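A short write-up of the structure that comes next.
The values are calculated or read from the model by the stated rules, or taken from the named source; none is laboratory data. Everything quoted here is computed from the prediction, not taken from an experiment. Using ideal geometry, Cβ is built from the backbone for each residue, glycine included, and neighbour counts are taken over all protein chains shown. Surface areas here come from the heavy atoms of the whole protein model, side chains and all, with no ligands, DNA or RNA. Shrake-Rupley method; radii C 1.70, N 1.55, O 1.52, S 1.80 Å.
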Amino acid sequence: MAYLLRFLLVLMIVGIFLTAGVALGWLPLSFGHIQVAIPAFLYTIFIQAFVMFYFIGVARLVENVWNALNSEGNLSELFDNPPADLEPYKKKVARFVHESQLSKRQTIPWTMLMLILGTIAFLLGGAHDTGMVSKVIHSGVAYGFFAAMLIGFVRQWYYLGKSHILLGDMKALFGISRDAM
């Protein structure tokens, strides 16, 4: 899943830079940047929601495993034959909980900032098109969006890799194949 999300993030970057290239006149296309911006930003909303829910889902899964380990009645969800000593499992899963929460805390604020700045830039673009806002205001917010998008992209890329490894380690801890859901 992490590789799919990384690929989708690269497509998002390409779409946004295509929009910027057309707006700045670097890429001569037969249509304007407004026609490119609409699908590019809709795609950005989609992929950012997808990435955000991936990190929320990983953190929730790890928390559920942690809760199952700490409530003796739910050990059958994790083990066919529960071991007598659960401390090594609890220690590793506690580290997984910390790592998954860290991944979520390090990526979701950038996702939200991207979505907020992108939405404002998109709306200000429409306001500029109707003459209500100067080009400088629209461009300034768009540049802020680009900066947040690039920082968020790097963080998401990094933590997608870490979360992918975390899920593999957790599956290995409980003897589940890496290919299993």
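Against the conditions (1) over 21 Å from V141 (Cβ atoms); (2) open to solvent by 40 Å² or more (accessible area, probe 1.4 Å), where does L8 fall short? Just the number, please.
Condition not satisfied by L8: (2).
Of all residues in region 147-181, which are buried (at least 18 other Cβ atoms within 10 Å of the Cβ) and closer than 27 Å to T19 by Cβ?
Within region 147-181, A148, M149, G152, F153, Q156, Y159, L160 qualify.
Just the residues that are β-branched (V, I, T), more than 30 Å from M1 (Cβ to Cβ) and part of a helix (DSSP H, G or I), please, taken from region 131-160. Spell out the reasoning first.
Step one: list which residues in region 131-160 are β-branched (V, I, T), which gives 133, 136-137, 141, 151, 154.
Still in the list and also more than 30 Å from M1 (Cβ to Cβ): 133, 136-137, 141.
Once the filter is applied, which keeps residues that are β-branched (V, I, T), more than 30 Å from M1 (Cβ to Cβ) and part of a helix (DSSP H, G or I), region 131-160 yields V136, I137, V141.
Scan region 24-65 residue by residue and report those that are of a type outside the set (S, T, N, Q), touching a Gly at 6+ places or on another chain (Cβ under 8 Å) and surrounded by 13 or more Cβ atoms within 10 Å (Cβ to Cβ). First the steps, then the outcome.
Going through region 24-65, the residues of a type outside the set (S, T, N, Q) turn out to be 24-29, 31-34, 36-43, 45-47, 49-63, 65.
Restricting the remaining residues to those that are touching a Gly at 6+ places or on another chain (Cβ under 8 Å) gives 27, 34, 36-37, 39-41, 43, 45.
Within region 24-65, L27, I34, V36, A37, A40, F41, Y43, I45 meet the criteria.
Within region 79-123, how many residues turn out to be small (G, A, S) and under 27 Å from A148 (Cα atoms)? Break it down stepwise before answering.
Kept after step one, since they are small (G, A, S), are these residues of region 79-123: 84, 94, 100, 103, 118, 121.
Among the residues that remain, those that are also under 27 Å from A148 (Cα atoms) are: 100, 103, 118, 121.
Selection size over region 79-123: 4.
Considering only region 93-128, how many residues are among the basic types (K, R) and either surrounded by fewer than 17 Cβ atoms within 10 Å (Cβ to Cβ) or more than 15 Å from L167 (Cβ to Cβ) (or both)?
2
Kindly check whether there is at least one residue in region 72-91 that is modelled with pLDDT under 90 and among the basic types (K, R).
The first filter runs over region 72-91 and keeps only residues modelled with pLDDT under 90, leaving 72-90.
In the following step, the residues that additionally are among the basic types (K, R) were identified as 90.
Taking every residue of region 72-91 in turn, at least one turns out to be modelled with pLDDT under 90 and among the basic types (K, R).
Would you call V62 in a helix (DSSP H, G or I) and either touching a Pro at 6+ places or on another chain (Cβ under 7 Å) or at pLDDT 90 or above (or both)?
On the way: in a helix (DSSP H, G or I): yes; either touching a Pro at 6+ places or on another chain (Cβ under 7 Å) or at pLDDT 90 or above (or both): yes.
So V62 fits the description; yes.
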